[in-house]
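First up is the structure itself, then whatever we jot down about it.
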Amino acid sequence: MTALALEPSRRGGAARFAGVVATLARIAFAVAVAYRSQFLVWILATNTPLVMLALWSSVASEAPFGQFGQRAFVAYFLVTLIVRLLTGTWVVWEMNIEIKDGTLSQRLLRPVHPFLVYAIDNLAAVPLRAIVSLPVAAVVLLTVARSELTRDPVLWLVAALAVLGAWLISFTAMLAIGSLGLFWESSIGLWDLWFSLYFVFSGYLFPLALFPEAIHRWVSLSPFPYTLAFPVETMLGMTSRADALEGLAKQWAYGLGFLVLALAIWRRGLVRYAAYGG
Amino acid sequence: MASVSVEHLVKHYLVHQRPPGILAALRSTFRRKLDTVRAVDDVSFNIEEGSRVGFLGPNGAGKTTTLKVLAGLLHPTSGEVRVLGMDPRSRPVDLLRSIMLVTGQKQQLLWDLPPVETFELNRAVYDVARIDYTRTLDELVTLLRLEDLIRKPTRQLSLGERMKCELAAALIHSPKVLFLDEPTIGLDVSMQSIVRSFIRSYSDRHCATVLLTSHYMEDVAALTPRVLVIDRGKLTFDGALSDLVRRTRPDKLVTLSFSSPVDPALLAEVTGPAMESSPFHAVLQLDGATMKDTVARALARLPILDFKVEDAPLEEVLADFFAKKSAEP
């Protein structure tokens, strides 16, 4: 060990950041692959949209239910499955465990914000999920209900950003709730409450258009439709370009709002962190 | 210049107390009894750049809490802490790039991947130039004998092998300040020796400041000429290890070996009472004033084959030190 203090690697800020992100992503992907059997089970467990598909298709087998015929339900729930698989995240459980057993300390010692590392850990799993599940869902969707998908390229562009935005809201809401674990020891209960509301108001169990108009209006004000129904409805052309762009703006405002909230809770929570163990 | 400066550090925890039983559990759901634990209570010290200091104390004395405050993991209740002139509470990037906390009980190695992946991760996050990384890693691999380990999944390594890899991961960015919390815990004797000599060599070569806690007194004796002793959150000694020994146990242990059997009565007459004895050896506990005369008498009248003079074992010194402190009002 000849160097008294190592020289930083003389790269510019952006190049250095890109290098850190690339390394974190590569390692997070390697970890995801290491847990491949558990991963496969998790993917297979994300089958609620398929159950709902069977249920609602049967309801609409003889006559359309609201604006949804059988084919429309098939398309809705297959797209829901795809969006759900692309936007799923688990950081709230990770944070709660790490806060409780003190493993968070190892993240805090490194000169990279733990939120960035959590984000890359979660995003690195997306390609593996996509490889395993998307081809099946996409083939079924294209053969059975292709006519239900929008043909508007602008809506597809909005939908792509909306999928990213849906992940952002889910992830940052989890960060905010997970950070409350620094105050409460465990914030999983609050996440369970969030998730029960998500189940009903995100469009996961049934299309939001099936709600009575008054309730639908109130639900649209909450963040839940933007975590799932918004990108799904955009892909299915159930919204106009103008409404889609307005929805995208609201969605990203929610995502960034939760991020600011999560950072504020995190900053105050670290003062309370007890770093148990070790 | 002081690498580490601590002024009147206080750290209190609020701890939930609950008796056992279902009724107590139910009661605690509605009303919690919180006790304040004074983990660190008005502690002050400075550590100069490049020096190695042992941090000693019984379990729960406040050693690890102090290290965690210094590493920026815990926020002090009050007091001022500076490491390399920076406040660890705000976790400035320059500070995080220059320090490392290694604990024998918590690991940074990625459990399912080989250690080399953690090294690579640290290279990226600490922004170590590739050429420096390769050179440092080569040296760490050689010094810690890691050649066969760094490409096996971490979960398949033994505790000692993991600890060596932990140390390597912690030093990829050549930190200027090392906080080591029980770095040799659970290691066998030869592994402890390797880790000890590695830490000393690293500190000497890099002029790195080391603050070390350990329950193994061999670690302290081999590595840290200066010790801080903390007990129930209060600093009770700050000085040279030799001063601690002299102050607590001024007596020396003198071991005599005989070339032929010695009669116990003759031994008692020449040396006074022995701590332990047999026909061929005796162990005496002598104070500084009488040692010279007693040893001279023994050399003149007994068939001495060999003799050695030692301080009392450090474990006993510390046990005596804590016992005396507990007895104080």
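Taken together, the values in this text are just the output of simple stated rules run on the coordinates, not laboratory data. Quick caveat, the model's predicted, so the values are computed rather than measured. We place every Cβ from the backbone using ideal geometry, glycine too, and count neighbours over all the protein chains shown.
In whole angstrom, note down how far apart the Cα centers of segment B:227-247 and segment B:70-114 are.
Going from one Cα centre to the other spans 24 Å.
Work out the length of the dipole vector of chain B about its Cα centre, built from +1 on the beta-carbon of each Lys and Arg and -1 on the beta-carbon of each Asp and Glu, and round it to the nearest 20 debye. Walk me through the intermediate numbers first.
On the way: 41 positive and 42 negative charges, 248 e Å.
I would put it at about 1200 debye.
Rounded to the nearest 500 deg cm²/dmol, what is the calculated helix-only ellipticity per residue at 222 nm for chain A, with -39500 (n - 2.57) per DSSP H run of length n ≥ 4? Please list the in-between numbers first.
Values: 15 runs with 206 residues, N = 278.
The per-residue figure over chain A is -24000 deg cm²/dmol.
Pairs B:LYS68/B:LYS325; A:LYS100/B:LYS68; B:LYS63/B:LYS164; B:LYS252/B:LYS292: which are spaced more than 19 Å apart, C-alpha to C-alpha? Could the numbers behind the result be given before it?
Working: B:LYS68/B:LYS325 25 Å; A:LYS100/B:LYS68 16 Å; B:LYS63/B:LYS164 22 Å; B:LYS252/B:LYS292 11 Å.
In this structure, B:LYS68/B:LYS325; B:LYS63/B:LYS164 lie more than 19 Å apart at Cα.
State which stretch of chain A is the longest one without any exposed GluC sites (Glu not before Pro), exposure meaning a DSSP loop state and at most 14 other Cβ atoms within 10 Å.
Working: sites that count: A:GLU62, A:GLU185.
That gives A:63-184 as the longest site-free run.
Would you mind calculating the relative contact order of segment B:239-289 from Cα pairs under 8 angstrom and at least 6 residues apart, reporting the percent as a whole number? Please report the intermediate quantities before stating the final value.
Working: 56 pairs, mean separation 22.1, N = 51.
It rounds to 43 percent for segment B:239-289.
Using 0.36 nm times the number of residues separating B:ALA268 and B:ASP320, minus their current alpha carbon distance, what extension gain do you get?
Working: separation 52, 0.36 × 52 = 18.72 nm, distance 2.69 nm.
Extra length available between B:ALA268 and B:ASP320 comes to 16.0 nm.
Let me make sure I get this right: for segment B:250-311, a, b and c are the square roots of the gyration tensor eigenvalues over alpha carbons, sorted descending. Under 1.5 in a/c it's rounded, otherwise prolate if a/b > b/c, else oblate. Which is it?
The shape class here is prolate.
Counting only residues 5 or more places away or on other chains, whose amide H sits under 5 Å from the amide H of B:LYS234 once H atoms are built in the peptide plane?
For B:LYS234, whose amide H was placed from the backbone, the distant partners under 5 Å are B:ASP41.
Read phi for every residue in segment B:32-39 and hand back ³J(HN,Hα) as whole Hz from Karplus 6.51 cos²θ - 1.76 cosθ + 1.60, θ = phi - 60°, with x for Gly and Pro.
Values per residue, Gly and Pro as x: 9, 9, 10, 10, 8, 9, 8, 5 Hz.
What list of ³J(HN,Hα) couplings, whole Hz, do you get for segment A:254-263 from phi and the Karplus terms 6.51, -1.76, 1.60, once you set θ to phi - 60° and write x for glycine and proline?
Rounded to whole hertz, the list is 4, x, 5, x, 5, 5, 4, 4, 4, 5.
Where Rh denotes the Kirkwood radius from the mean inverse Cα pair distance, what is Rg over Rh for chain A?
Working: Rg = 20.8 Å, Rh = 20.5 Å.
We get a ratio of 1.02 for chain A.
Where Rh denotes the Kirkwood radius from the mean inverse Cα pair distance, what is Rg over Rh for segment B:45-179?
Taking Rg over the Kirkwood Rh, I get 0.98.
Looking only at B:ARG297, B:ARG123, B:ARG135, which one moves most when chain B is put into a Gaussian network model with springs between Cα atoms under 10 Å?
B:ARG297
Could you tell me which of A:PHE211, A:MET52, A:VAL31 has its Cα farthest along the dipole of the protein assembly as shown towards the positive end, charges placed at Cβ (Lys, Arg +1; Asp, Glu -1), taken about the Cα centre?
Of the candidates, A:PHE211 comes out farthest on the positive side.
In percent, how large is the relative contact order of chain A, given Cα pairs closer than 8 Å and 6 or more residues apart?
Numbers: 310 pairs, mean separation 71.7, N = 278.
Taking the mean separation of contacting Cα pairs over the length of chain A, I get 26 percent.
Which angle from 0 to 90°, rounded to the nearest 10, does the C-alpha axis of helix B:130-144 make with the longest principal axis of chain B?
30
Applying 1/(1 + (r/R0)^6) with R0 = 35 Å to the Cβ-Cβ distance of B:THR290 and B:GLU218, what FRET efficiency is obtained, to the nearest 0.05?
Values: r = 30 Å, r/R0 = 0.85.
According to the calculation, E is roughly 0.75.
Within a 10 angstrom radius of each residue's Cβ in B:68-75, how many Cβ atoms of other chains show up on average? Whole number is fine.
Values: counts 7, 1, 0, 4, 4, 10, 7, 4.
Partner Cβ neighbours, averaged per residue: 5.
Residue by residue through segment B:223-238, which ³J(HN,Hα) values in whole Hz follow from phi under the Karplus form 6.51 cos²θ - 1.76 cosθ + 1.60 (θ = phi - 60°), with glycine and proline marked x?
Once rounded to whole Hz, the list reads 10, 10, x, 10, 10, 10, 10, 10, 9, 6, x, 10, 6, 10, 7, 9.
Restrict the search to segment B:1-40; then list the trypsin sites (Lys or Arg not before Pro) that DSSP places in a loop and that have at most 12 other Cβ atoms within 10 Å of their Cβ. Each step should come with its number before you reach the end.
Numbers: sites: B:LYS11, B:ARG27, B:ARG31, B:ARG32, B:LYS33, B:ARG38; in loops: B:ARG31, B:ARG32.
Listed in order of number, the matching sites are B:ARG31, B:ARG32.
Counting helices only, and only those DSSP H runs with n ≥ 4, report the 222 nm mean residue ellipticity of chain B as the sum of -39,500 (n - 2.57) divided by its residues, in deg cm²/dmol to the nearest 500. It would help to have the intermediate numbers written out before the result.
On the way: 12 runs with 129 residues, N = 329.
The helix contribution divided over chain B gives -12000 deg cm²/dmol.
Check each of the trypsin sites (Lys or Arg not before Pro) in segment A:109-209 and keep only those in coil by DSSP with at most 11 other C-beta atoms within 10 angstrom; list them in order. Before the final figure, lay out the partial values.
On the way: sites: A:ARG129, A:ARG146, A:ARG151; in loops: A:ARG151.
Hits after loop and neighbour filter: A:ARG151.
Just to confirm the number: angle between the C-alpha axis of helix B:314-327 and the first principal axis of chain B, 0 to 90 degrees, nearest 10?
The angle comes out at about 80 degrees.
Could you give log10 I(q)/I(0) at q = 0.09, 0.10, 0.12, 0.13 Å⁻¹ for the protein assembly as shown, computed by the Debye formula over C-alpha point scatterers of equal weight, without solvent?
The computed values of log10 I(q)/I(0) come out as -0.86, -0.99, -1.22, -1.32.
What shape does segment B:180-220 take by its C-alpha gyration tensor, where a ≥ b ≥ c are the square roots of the eigenvalues and a/c under 1.5 counts as rounded, a/b above b/c as prolate, and the rest as oblate? Present the calculation step by step, with values, prior to reporting the outcome.
On the way: a/c = 2.54, a/b = 1.49, b/c = 1.70.
Oblate is the answer for segment B:180-220, as a/c is 1.5 or above yet b/c matches or exceeds a/b.
Distance from the Cα centre of segment B:147-168 to that of segment A:118-179, in angstrom?
38
Explain nothing, just the number: dipole magnitude of the protein assembly as shown about its Cα centre with +1 on each Lys and Arg Cβ and -1 on each Asp and Glu Cβ, in debye rounded to the nearest 20.
Details: 60 positive and 56 negative charges, 267 e Å.
Using Cβ point charges on Lys, Arg, Asp and Glu, the protein assembly as shown gives about 1280 debye.
Counting only other chains, and only Cβ atoms inside 10 Å, what mean value do you get across the residues of B:119-131? Show your work: numbers first, answer last.
Details: counts 0, 3, 9, 2, 5, 11, 9, 7, 12, 5, 7, 1, 4.
Neighbouring Cβ atoms belonging to other protein chains average 6 per residue here.
Quick one: which residues, 5 or more positions from B:VAL4 or on another chain, have an amide H under 5 Å from its amide H? H modelled 1.01 Å from N in the peptide plane, none for Pro or chain starts.
Distant-sequence amide H within range of B:VAL4: B:ILE47, B:LEU84.
List the aspartates and glutamates whose Cα lies under 13 Å from the Cα of B:LYS324, skipping any in the same chain that are fewer than 8 positions away.
Filter leaves B:ASP231, B:GLU316.
So what is the relative contact order for chain B, in percent, with contacts set as C-alpha pairs under 8 Å and at least six apart?
On the way: 575 pairs, mean separation 60.8, N = 329.
Dividing the mean separation by the residue count of chain B yields 18 percent.
Could you state the angle between the C-alpha long axis of helix B:159-171 and the longest principal axis of the C-alpha atoms of chain B, as a value from 0 to 90 degrees rounded to the nearest 10?
Once rounded, one gets 60 degrees.
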